[in-house]
């Protein structure tokens with residue numbers, strides 16, 4: 001495999017393994033297999049990344065471009081340079097160690113297939129961020145990390161803290177992701193491309209543009225929320241309810257590192273301005289000191305590490321914000337150093353919790369006697385976090401001090417920066433000592449939940465490997481990390497702009513060294529002075545009561561409860577008509593504004609109107625008006641008249657030579673009529689002798705009539721203007737000329753749906769599937785009150801006896817109420833199925849297609865339910881609508897991805913005609929298979945909705961509806 005093809009393979013690897021692992025759930029010793037598959041996948045990704053080292057060391061940038069939507073300038077671009085390659089090593093390397101560690105940490109009683117599947121998908125999402133060569137693609141993977149981190153943080157979802165922490169992380173990080181999306185859209189607009197290489201080369205253009213400031217703010221919001229920078233830092237400590245392997249991975253190589261990755265990546269484009277310095281540098285400075293201060297007072301081991309992560313991420317952010325090239329080098333160096341000692345410390349904390357049964361520092365102590373190896377490894381990693389010489393943390397901390405001293409932004413600001421940097425370093429020494437001494441030194445508590453002992457060898461191995469890395473980098477930095485750091489820094493700064501720096505262990509007696517010594521001594525003295533206070537404190541003084549979590553929950557309560565309740569009190573009507581009124585009015589205002597800015601410019605040609613066609617429309621208008629007037633008095637009559645108006649629309653399509661639309665309209669009318677018939681049973685009963693209408697009620701009716709007339713005339717005018725538009729200037733000529741030559745079909749409408757606009761159709765069927773599942777989820781929880789069902793209670797008890805039918809389904813068909821001959825419908829069932837197959841097969845050349853065929857088959861199924869009843873149908877026919885939906889979506893996406901294998905854009909179709917026995921000449925187009933996916937989704941979604949309604953209409957109000965599992969519909 002060529003090097004340029006490896007990036008996509010490395011990204012796809014964890015996603016494919018994730019699907020495989022998920023399918024292993026419930027199969028014997030699947031937890032062992034899932035753990036080893038996770039570890040092997042990460043290791044293979046690491047080896048493939050190392051394979052790229054010669055090209056990276058030579059300064060090459062590997063790019064793989066896969067066409068996606070060329071017409072919009074959007075392609076899948078996988079890009080690997082020195083900086084992204086260094087992150088790939090961290091993601092895959094630490095992922096390998098986390099997988100090995102999790103094999104022994106997690107309990108076999110947990111659903112481990114789901115855990116490792118999510119962890120693999122999380123790994124793939126992070127790889128996607130660092131290897132994206134298109135900024136839109138980067139945002140897509142960015143939001144995927146938010147989604148999978150939400151699922152991993154809430155893995156033990158039965159705990160309230162896990163659910164709350166996962167929800168908080170999702171809201172904050174996904175909200176920042178939306179800001180990032182808006183920012184990269186502005187960035188692409190300024191540059192004229194979404195390609196990362198083009199953007200990185202346009203730094204001067206971006207900084208000089210009028211949209212620079214809003215672009216900068218939006219992108220920084222995305223980075224700050226992801227990397228838990230002030231004031232968004234509060235979500236990270238709440239995520240400590242996640243399993244420790246997740247915490248170790250999230251804090252070291254994934255998720256929170258995505259934000260600082262983005263800052264370094266866009267430094268050549270957005271950096272070097274006053275806005276960048278004050279915002280990025282200021283936020284980093286505040287986060288640095290706030291995280292370090294809060295970490296000293298935490299009682300939970302993982303809480304200490306969480307706040308220390310916030311502090312170190314603030315340090316990296318401050319280095320990037322200083323604006324110097326050497327600050328970027330130091331930031332990259334500390335990203336690597338922090339990943340190694342933080343992953344090791346989290347795993348050590350997890351080992352203590354696993355063996356001792358608690359993470360509370362007040363209940364721990366003296367474990368070095370019972371866990372000497374773990375204590376030694378934790379001591380090394382803790383010393384690296386504190387910045388002790390001969391360990392990697394010391395080197396990057398010295399570079400940080402040097403950059404702080406070199407900054408020249410005014411005497412006062414320079415002094416404040418140095419003081420805060422030293423204070424934060426001293427706090428870091430204090431919480432590092434507290435972590436190590438509080439757990440492993442002193443007396444062993446007498447009442448630990450478990451009898452501590454050393455964890456298994458392979459559970460200690462990842463901790464030891466990372467601790468060894470801290471030692472090697474600290475003692476031999478130039479050899480161990482030097483080449484990788486140079487490659488990463490050169491790819492960000494440019495080979496010709498790399499500053500001089502030294503990775504020597506000893507630089508003599510310098511000011512940064514004196515600052516380090518002072519911070520270390522101050523941190524030790526601070527621990528000795530406040531040791532007793534630490535043992536009894538619950539929250540950090542000053543900052544502990546200013547809880548970001550409390551503010552977040554209050555804001556969420558205002559947005560989710562207070563404001564909706566205020567709106568409900570201010571506008572108490574729950575009538576659907578009132579809600580529809582606002583929607584229609586907004587549409588009217590928007591349409592009016594559009595019409596005034598872009599006038600139609602057409603003149604009606606009344607002489608060309610056919611009198612018969614005009615009469616037909618008058619009939620349709622009469623049906624519509626009659627339906628509106630009869631809705632109050634006779635619902636069934638109103639429904640019949642509504643069907644008449646729909647039938648007139650159908651005939652109009654036939655009149656205007658649009659048979660595809662006519663067939664779709666007719667079938668949709670059938671489905672809609674059945675849907676309303678099923679729903680009519682939930683409407684309140686009629687009340688005889690209604691009081692005369694009030695003056696206000698008459699005013700509302702007249703107002704609604706006026707609005708309906710205005711909106712109807714507006715829509716009719718728009719439709720007429722579109723039909724009167726000259727064909728020569730219309731886009732329709734493009735489709736008419738290319739439907740057969742490029743789409744392989746003579747039915748232009750169907751070719752547009754499954755070929756030219758296939759991407760839109762894929763989005764539409766995805767929305768249809770989501771809507772169907774959502775409606776089903778709502779209906780299965782909804783129970784109409786007994787008095788609101790339009791059947792007398794005594795009669796309903798006679799119709800629905802208290803027999804113990806399976807699933808609560810009553811053995812009566814809807815034909816008992818609708819008086820439809822059941823035998824006729826049952827005989828029509830195979831005929832309708834055959835007709836649906838006919839519509840599907842001819843759809844590429846003649847009127848038909850997957851959508852129309854899907855509705856036809858759905859009508860056949862629901863008619864069978866009406867004829868024989870749900871219980872009989874589900875006993876003789878396995879109706880699994882959710883599987884129809886899933887199969888259809890997978891087929892549609894699979895056909896689209898298949899084109900990528902041949903180097904063509906997503907959803908590019910291939911066609912040819914073949915002579916087949918009996919069937920004759922048939923189109924063999926890949927678009928037909930895509931249409932089959934559309935057909936499957938439409939059948940599944942429509943059937944799911946209608947079956948849900950049928951079950952609800954025929955079951956006792958208090959019983960749960962039948963579900964799809966076990967062969968039920």
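Just a few scattered comments:
- Distance between the range 22-97 and the range 312-344 - C-alpha centres, whole angstrom: 23
- The range 243-284 residues near the modelled residue 472 label - backbone nitrogen below 19 Å, point 7 Å along Cα→Cβ: 253
- Principal-axis tilt of helix 411-440 within the chain, Cα atoms, nearest 10 degrees: 90
- If R0 equals 60 Å, the separation of the Cβ atoms of residue 610 and residue 497 corresponds to a calculated FRET efficiency of about 0.20.
- Ranked list, fewest to most other Cβ atoms within 10 Å of each Cβ, for 307, 157, 527, 53: 157, 53, 527, 307
- Rounded FRET efficiency, nearest 0.05, which uses the C-beta distance separating residue 204 from residue 846 and R0 of 51 Å: 0.30
- Point-to-point label distance, residue 834-residue 405, nm (Cα→Cβ direction, 7 Å offset): 9.2
- Stretched out straight at 0.36 nm per residue, the stretch from residue 596 to residue 656 would grow longer than its current Cα-Cα span by 18.7 nm.
- As computed over the range 271-538, the Cα convex hull volume per residue (Å³): 122
- Full-stretch length increase - residue 560, residue 441 - with 0.36 nm per residue and alpha-carbon distance subtracted: 38.1 nm
- Whole-angstrom gap from the range 390-451 to the range 221-267, using each part's C-alpha centre: 19
- Taking other Cβ atoms within 10 Å as a rough exposure proxy, 491, 717, 344 sort from fewest to most as 717, 491, 344.
- Virtual spin-label span in nm between residue 47 and residue 524, 7 Å along Cα→Cβ: 4.7
- Degrees, to the nearest 10: 635-655 long Cα axis against longest axis of the chain: 90
- Annotation: the residues 131, 515, 318, sorted from fewest to most other C-beta atoms within 10 Å of their own C-beta, follow the order 515, 131, 318.
- Here the range 99-133 is scanned for amide nitrogen atoms under 13 Å from the site 7 Å beyond the Cα of residue 25 along Cα-to-Cβ, giving 110-119.
- Average projection area in nm² (convex hull over Cα atoms of the chain, one quarter of hull surface): 48.6
- Cα long-axis angle, helix 881-898 against the chain (0 to 90 degrees, to the nearest 10): 70
- At an R0 of 25 angstrom, the distance between the Cβ atoms of residue 770 and residue 114 translates into a FRET efficiency of 0.70.
- In plain terms, the bigger the Kirkwood radius, the slower the diffusion; for the range 376-473, with that radius from Cα pairs, at 20 °C and 1.002 mPa s, Stokes-Einstein puts D at 135 µm²/s.
- As a length-normalised measure over Cα pairs under 8 Å and 6 or more apart, the relative contact order of the chain settles at 9 percent.
- Shown here are the Rg and Dmax of the Cα trace of the range 265-398, at 16.8, 55 Å.
- Net length gained if the chain between residue 914 and residue 274 were fully extended (0.36 nm per residue, minus Cα distance): 223.7 nm
- Size descriptors for the range 85-200: radius of gyration and Dmax over Cα atoms are 16.6, 53 Å.
Computed from the coordinates by the stated procedures, all read-outs in this text should not be read as laboratory data. The structure presented is a predicted model; accordingly, all values stated were derived computationally and were not measured. Ideal geometry is used to build each Cβ from the backbone, glycine not excepted, and the neighbour counts take in all protein chains shown.
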